[in-house]
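**Q** One structure, as structure tokens, below. Some questions next.
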Amino acid sequence: MLVVQKYGGTSVGTIARIKRVARRCLATQRQGHEVAVVVSAMSGETNRLLGLARRIHSDPSDREVDVIIATGEQVSVGLLALAIRALGGDAVSFLGHQVKITTDSAFSRARIRSIDAENVRIACRAGKIAVIAGFQGMDEQGNITTLGRGGSDTTGVAIAAALKADVCEIYTDVDGVYTADPNVCLTARKIERVTYEEMLELASLGAKVLQIRSVELGMKYGVPIHVRSSFHKREGTWVVPEESSMEHVEVAGVTASRDECKVTVFMVPDRPGVAASIFRPLSEHGIVVDMIIQSASSEGHTDMTFTVPRSDVGRAMQLLEVHLAELIAGGAHLKSTEGLAKVSVVGVGMRSHAGVAQKMFELLARERINILLISTSEIKISVVVETKYAELAVRVLHDGFGLDLPPAARAPTA
Ligand code: ADP
Ligand code: ASP
Ligand code: MG
């Protein structure tokens, strides 16, 4: 088999842990497999580097910030390759550009365009363990880029896809994907199998155990992903295609994403083209807008509300003030609200079960948690609440939907 293993920051957080990872990589190789390993920076390192950069400059999407924060992974690949050699194995490290991980030029959030994994393949066939730096790539002009927080997951899955590996194992500090963040919800349970679709929603709605782009790539190229603990050998969670034989749980998991902001444009004329004029400048500047609500129009005017991540709200407001100058002169005005969180329930079984939304609203109402915005899709329901209620909401929904029980013991909603 060809196995790709990705180790997160906590798993390589100390020299003792790096040595342990080295032993695990060698044990896998000694079972007769070819092994390529992707590693993150040691835990805390990316934040430390980002902190240094921020003391000088506030724009995290500057080219030089990527030059700085990509170094964390360079240190860990070197250390892990040395640790493997110290144990009598053979290993060679690769930085992003050495495996031609080519990306676009969106610094701090670059997307992978192509990978040439030939060097890795040659190393693995020669009995070496290839140790590849996660998180980093190079654009077509040769600039160093990074793939966004959690991006080493995406490097791992992308390398697995390029090598047509049999599995991509994501080693982390929890036992797998849980029904809610196990560090927030003590009754959360490990999920045995989750579909790519559910995992996409969970990842995009706050479950940072996998970066969303890694799940997109896994789904596109059919890479089996196994999320598991680097601290023991037990099975973790398999991310798999949806099979008809799978038991379709109604709600697979509950997530929260903090740091959401709400922006409202009041009193815009209710005519064709207005929504386009509000959202065009935002999308042209790469600002991802989430929930959008247009209120009922009255006397030819309406209000438009949407959410954006807190990191983008300043820029969004500036852009809107410039691009909507004409509307503002005509009486429209803008308001942003911070301190919000989006809490979501996700599950493919929602397609065939009515009443999930109703039950969600009742569970929140019972705790007197006020819902500010609602959005639904086929397999998820999200609500925006004040951040101070986020953890309570997660716990109440989690246990309210019976996720503290094994799947077979859960009562269906309707
Ligand atoms: P790594 O450094 O290994 O990449 P991360 O910190 O990026 O690890 O991701 C693992 C963390 O994700 C866990 O410690 C946990 O707190 C968090 N997490 C959030 N939601 C979930 C979930 N549904 N299942 C598992 N972990 C989750
Ligand atoms: N080191 C990067 C981060 O902290 C990438 C990763 O760990 O996945 O976000
Ligand atoms: Mg991570």
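None of the figures in this text is laboratory data; all of them are computed from the coordinates on show. Model, not experiment: these values are computed from the prediction. Backbone-built Cβ (ideal geometry, glycine too); neighbour counts: all protein chains shown.
**Q** By the gyration tensor of its Cα atoms, with a ≥ b ≥ c the square roots of the eigenvalues, what is the shape of segment 31-140: rounded for a/c under 1.5, prolate for a/b over b/c, or oblate?
**A** Taking the square roots of the gyration eigenvalues as a ≥ b ≥ c, segment 31-140 is oblate.
**Q** Next up: So what's the back-of-envelope 222 nm ellipticity for the chain, counting only DSSP H runs of four-plus at -39500 (n - 2.57) apiece and dividing by all residues, rounded to 500? Can you show the working numbers first?
**A** Values: 13 runs with 141 residues, N = 414.
Computed mean residue ellipticity for the chain: -10500 deg cm²/dmol.
**Q** Using a 10 angstrom cutoff on alpha carbons, build the Gaussian network for the chain and name the most mobile of A203, A332, A296.
**A** A296
**Q** Need the C-alpha centroid separation for segment 57-82 versus segment 396-414, integer Å.
**A** Going from one Cα centre to the other spans 42 Å.
**Q** Around H301, which amide H atoms from residues at least 5 apart in sequence, or from another chain, sit under 5 Å from its own amide H, with H modelled in the peptide plane?
**A** Answer set, sorted by chain and number: D270.
**Q** Then there's this: Less than 15 Å Cβ to Cβ from D90, Lys/Arg counted +1 and Asp/Glu -1: what total charge do the surrounding residues give?
**A** Net local charge, D90 excluded: +4.
**Q** Hey, another quick one. Applying 1/(1 + (r/R0)^6) with R0 = 51 Å to the Cβ-Cβ distance of T337 and D90, what FRET efficiency is obtained, to the nearest 0.05?
**A** Plugging the Cβ-Cβ distance into 1/(1 + (r/R0)^6) gives 0.35.
**Q** Using a/c under 1.5 as the rounded threshold, could you call segment 84-208 rounded, prolate or oblate? The axes a ≥ b ≥ c are square roots of the C-alpha gyration tensor eigenvalues, and prolate needs a/b larger than b/c, oblate otherwise.
**A** Taking the square roots of the gyration eigenvalues as a ≥ b ≥ c, segment 84-208 is oblate.
**Q** Next question. How many percent of DSSP beta bridges within segment 86-150 run antiparallel, rounded to 5?
**A** Antiparallel bridges make up about 45 percent of those DSSP assigns within segment 86-150.
**Q** I want to verify a result. In a Gaussian network model of the chain, Cα cutoff 10 Å, which of these has the top mean-square fluctuation: I170, I212, I328?
**A** With Cα springs under 10 Å in the chain, the top fluctuation among I170, I212, I328 is at I328.
**Q** Separate question: Using each residue's phi in segment 216-225, evaluate 6.51 cos²θ - 1.76 cosθ + 1.60 at θ = phi - 60° and report the 3J(HN,Hα) Karplus result to the nearest Hz, with x for Gly and Pro.
**A** The phi angles translate into 4, 5, x, 5, 5, 9, x, 8, x, 10 Hz.
**Q** Towards the positive end of the charge dipole of segment 57-204, with charges on Cβ (+1 Lys, Arg; -1 Asp, Glu), say which of A123, T172, V75 has the farthest Cα.
**A** Sorting the options by dipole projection puts first A123.
**Q** With the chain treated as a Gaussian network of Cα nodes joined by springs under 10 Å, which of H333, H232, H398 yields the largest mean-square fluctuation?
**A** It is H232.
**Q** Quick check on the chain: of the DSSP beta bridges with both residues there, what percent are antiparallel, nearest 5%? Could the numbers behind the result be given before it?
**A** Working: 44 of 73 bridges.
Roughly 60 percent of the beta bridges in the chain run antiparallel, per DSSP.
**Q** Bin width 10 Å, alpha-carbon pairs only: give the P(r) of the chain as whole percents, running from 0 to the bin holding the largest distance.
**A** The calculated distribution, bin by bin, is 5, 21, 28, 25, 16, 5, 1, 0.
**Q** Grab the beta carbon distance between F231 and S311, set R0 = 35 Å, and tell me the FRET efficiency rounded to 0.05.
**A** According to the calculation, E is roughly 0.65.
**Q** Among L340, Q358, T302, whose Cα sits farthest toward the positive end of the charge dipole of segment 271-364 (+1 at Cβ of Lys/Arg, -1 at Cβ of Asp/Glu, about the Cα centre)?
**A** Q358
**Q** How big is the charge dipole of the chain about its Cα centre, in debye rounded to the nearest 20, if each Lys and Arg gets +1 on its Cβ and each Asp and Glu gets -1 on its Cβ? Mind showing how you got there, number by number?
**A** Details: 46 positive and 47 negative charges, 296 e Å.
For this selection, approximately 1420 debye.
**Q** Let me ask you something else. How big is the gap, in Å, between the Cα center of segment 260-298 and the Cα center of segment 185-240?
**A** Each part's Cα centre sits 33 Å from the other's.
**Q** Rounded to whole Å, give me the distance from the Cα center of segment 1-50 to that of segment 343-371.
**A** After rounding, the separation between the Cα centres reads 39 Å.
**Q** Give, as a single signed number, the net charge of other residues whose beta carbon lies under 14 Å from the beta carbon of M138, with Lys and Arg counted +1 and Asp and Glu -1.
**A** -2
**Q** Given labels modelled 7 Å from the Cα in the Cβ direction, how far is it in nm from A354 to R113?
**A** 5.0
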